[in-house]
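Below: one structure, written as structure tokens.
The values are calculated or read from the model by the stated rules, or taken from the named source; none is laboratory data. What you see is a predicted model; the values in this text were computed from it and never measured. Glycine also receives a Cβ, built like all others from the backbone with ideal geometry; neighbour counts cover every protein chain displayed.
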Amino acid sequence: MQVFGLPGHAIRNGKAVERWRSAMAKGLSAEDAAKAVGHPRATLYRWRKQPFPGSRRPHRLRLRSWSSDLVR
């Protein structure tokens, strides 16, 4: 599911963070609000900080170290 170009997991994560923050605004502690939302507190803080996950592609790749005999 994509809405306005956002992937589905980003929308789901954003809605969970909104529910968590509104529960805290109503007087629940961060831990109790996280339990009510159904996600760990650390995960909700991470989603609040960065709603889109970063690339999982490695930044550095090992150089090929094959000898010319093995290539042939």
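Below, the figures for the structure above:
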item: Residue list for region 36-45, filter: free of Cβ contacts under 8 Å to residues at least 24 places away in the same chain and assigned to a helix (DSSP H, G or I); result: 36, 37, 41, 42, 43, 45
item: Residues of region 26-40 classified as in contact with a Lys or Arg (Cβ under 7 Å, 6 or more places away or on another chain) and within 15 Å of residue 12 (Cβ to Cβ), total; result: 1
item: Positions within region 1-41 being loosely packed, with under 12 Cβ neighbours inside 10 Å, of a type in the set (A, V, I, L, M, F, W, C) and modelled with pLDDT under 95, in sequence order; result: 1, 3, 4
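Each row is one residue, and each column tells you yes or no for (1) assigned to a helix (DSSP H, G or I); (2) touching a residue at least 12 places away in the same chain (Cβ under 8 Å); (3) under 12 Å from the mean Cα position of the chain (by Cα).
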site	(1), (2), (3)
14	yes, yes, yes
20	yes, yes, no
24	yes, no, no
27	no, no, no
34	yes, yes, no
47	yes, yes, yes
58	no, no, no
69	yes, no, no
